[in-house]
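Student: There's a structure below that I have some questions on.
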Amino acid sequence: MAVFESYRANLEVADLAPTVDFLRDVLGFAVEVHERAMGLALLRRDGVGVGVVRTPNPAVNETTAGYVGVSDVDALYAHCLRYGGEITTELTEHPWGLRDFVLRIPGGHRLAFGQRIAPAS
């Protein structure tokens, strides 16, 4: 059986710069590719990738564009608040063993960040 080794969310935006800047400056992603003329940026932090793609008709999911597992969700939540991140769902502890929050990034996309705090039931 094949092993899945990575995940990259692809986010459509009208303007690359605000989203790329936010992902780099606030969330600590490194820019691996930034093809302005093509309208594409690929970013990575640890094992998580994000693609930002310019399009004239960007689509934004009604819920979240992706769920990122983290090792210290409380610290990341505090960091996002400190840098003016727009939290759309406050830090919440769920009965299924996850603690998470949802952050809106420039371009309108929402990313969920969570941590397993108890075994899944």
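The values are calculated or read from the model by the stated rules, or taken from the named source; none is laboratory data. Model, not experiment: these values are computed from the prediction. Please note: Cβ atoms are built from the backbone with ideal geometry, for glycine as well, and neighbour counts cover all protein chains shown. Note: accessible area is taken over every heavy atom of the protein model, side chains too, but ligands, DNA and RNA are not part of it. Shrake-Rupley method; radii C 1.70, N 1.55, O 1.52, S 1.80 Å.
Student: Counting only DSSP beta bridges with both residues in the chain, what percent are antiparallel, rounded to the nearest 5?
Tutor: Values: 23 of 34 bridges.
In the chain, DSSP labels about 70 percent of beta bridges as antiparallel.
Student: Could you tell me how many degrees, from 0 to 90 and to the nearest 10, lie between the Cα long axis of helix 73-82 and the main elongation axis, the longest principal axis, of the Cα atoms of the chain?
Tutor: Value to nearest ten degrees: 50.
Student: Taking the Cα centre of the chain as the origin, how large is its charge dipole in debye, to the nearest 20, when only Lys and Arg (+1) and Asp and Glu (-1) carry charge on their Cβ atoms? Write out the running numbers ahead of the final one.
Tutor: Values: 11 positive and 15 negative charges, 25 e Å.
Taking the Cα centre of the chain as origin, the dipole is about 120 debye.
Student: How many Å² of accessible area per residue for the chain, probe 1.4 Å?
Tutor: Values: 7200 Å² over 121 residues.
Per-residue accessible area for the chain comes out at 60 Å².
Student: Give the carbon-plus-sulfur fraction of the accessible surface of the chain in %, rounded to a whole number; probe 1.4 Å, heavy atoms of protein chains only.
Tutor: Numbers: 3780 of 7200 Å².
The nonpolar share, carbon plus sulfur, comes to 52 percent.
Student: Roughly what angle does helix 16-25 make with the longest principal axis of the chain, taking Cα atoms, 0 to 90 degrees, to the nearest 10?
Tutor: 40 degrees
Student: With the cut-off at 1.5 for a/c, could you classify segment 1-64 from its C-alpha gyration tensor as rounded, prolate or oblate?
Tutor: Working: a/c = 1.66, a/b = 1.34, b/c = 1.24.
Prolate shape, in that a/c is at least 1.5 and a/b is the bigger ratio.
Student: Using Cα-Cα distances under 8 Å and only pairs 6 or more residues apart, what relative contact order does the chain have, in percent?
Tutor: Working: 230 pairs, mean separation 29.7, N = 121.
Computed value for the chain: 25 percent relative contact order.
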